[in-house]
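First up is the structure itself, then whatever we jot down about it.
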Amino acid sequence: MVRYTLAQSPEIVLTIAGKDSPKAREKAMNELMELMDSGKLDTDLADGFSPDQFIEVRELTMSEEREDPITQAVQVLNNLATLKIKIQELRTDAMQVRSQIDILFSDETVSEEQINNIKDGFKILKNFAQLNMRFLDARSQAENARQILDDALKSPSADPKLNPELQSIVESPSSAITSDEQADEQIDEQADKTENSNSLELSVEVPAAKVSKKK
């Protein structure tokens with residue numbers, strides 16, 4: 001079994017018996033046209049659309065699931081870029097249709113032509129809204145992809161992170177020196193006190209002996 005989808009309508013998946021081949025793509029094209037003619041499929045094909053433009057939907061193998069994170073990140077960002085282009089193409093027309101919707105809620109008289117224009121524009125509005133939702137989801141996923149690429153693009157010459165204790169010493173070397181100086185000052189003060197105490201003990205005055213005068 002092979003499955004195909006459309007670039008402009010990825011929510012559409014056509015399942016055809018067999019493997020991917022020109023014949024299978026022709027069958028998918030016929031099935032797509034039948035769905036559109038019966039009104040079961042609401043989509044517009046670009047002018048000159050051919051079976052070769054079908055996108056094969058493949059199941060991921062184990063090796064593909066373990067694919068290089070950098071490659072996956074690039075694919076995610078590429079998908080975001082594609083969606084952004086499509087949104088920009090539809091935004092102006094979609095916003096114009098959105099402004100016309102308010103006419104339906106007013107008491108003003110609306111012509112049949114205006115109503116038909118609004119109804120025709122609903123398809124554009126629907127496609128834009130669906131794409132915009134997909135874009136918002138893709139952008140949230142792309143944040144992680146961008147971080148993966150940023151990490152991979154870091155310069156190898158970047159300084160490695162130091163141990164937290166060493167980092168604190170490097171950031172404020174004066175603190176360690178100050179602590180040593182304070183310890184030396186405390187030792188000097190203790191020595192001065194001891195020396196002063198010994199000096200006091202040795203400098204005790206001896207009372208002078210009284211000399212008696214001979215008469």
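The values are calculated or read from the model by the stated rules, or taken from the named source; none is laboratory data. Note that this is a predicted model, so its numbers are computed, not measured. No Cβ is skipped: glycine too gets one built from the backbone with ideal geometry, and neighbour counts run over all protein chains shown.
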Original post:
Between a first residue in the stretch 89-106 that is assigned by TED's automatic domain parsing to the domain that holds Lys123 and under 14 Å from Ile118 (Cβ atoms) and a second residue that is hydrophobic (A, V, I, L, M, F, W, C) and in a helix (DSSP H, G or I), which pairs have beta carbons less than 6 Å apart while being 6 or more apart in sequence or on different chains?
Top reply: Asp93/Ile124; Ala94/Ile124; Ala94/Leu125; Ala94/Phe128; Val97/Ile124; Val97/Leu125; Gln100/Ile118
Original post:
Just a yes or no: is a residue in the stretch 45-60 at pLDDT 90 or above and among the β-branched types (Val, Ile, Thr)?
Top reply: no
**OP:** Select from the stretch 1-37 the residues that are farther than 23 Å from Leu80 by Cβ and in a loop (DSSP other than H, G, I, E, B) and list them in ascending order.
**Re:** Met1, Ala17, Gly18, Lys19, Asp20, Ser21
Original post:
In the stretch 114-138, what residues are loosely packed, with under 14 Cβ neighbours inside 10 Å and of a type outside the set (S, T, N, Q)?
Top reply: Ile115, Lys119, Asp120, Phe122, Lys123, Lys126, Ala129, Met133, Leu136, Asp137
Original post:
Thr15: modelled with pLDDT under 75 and of a type in the set (Ser, Thr, Tyr), yes or no?
Top reply: no
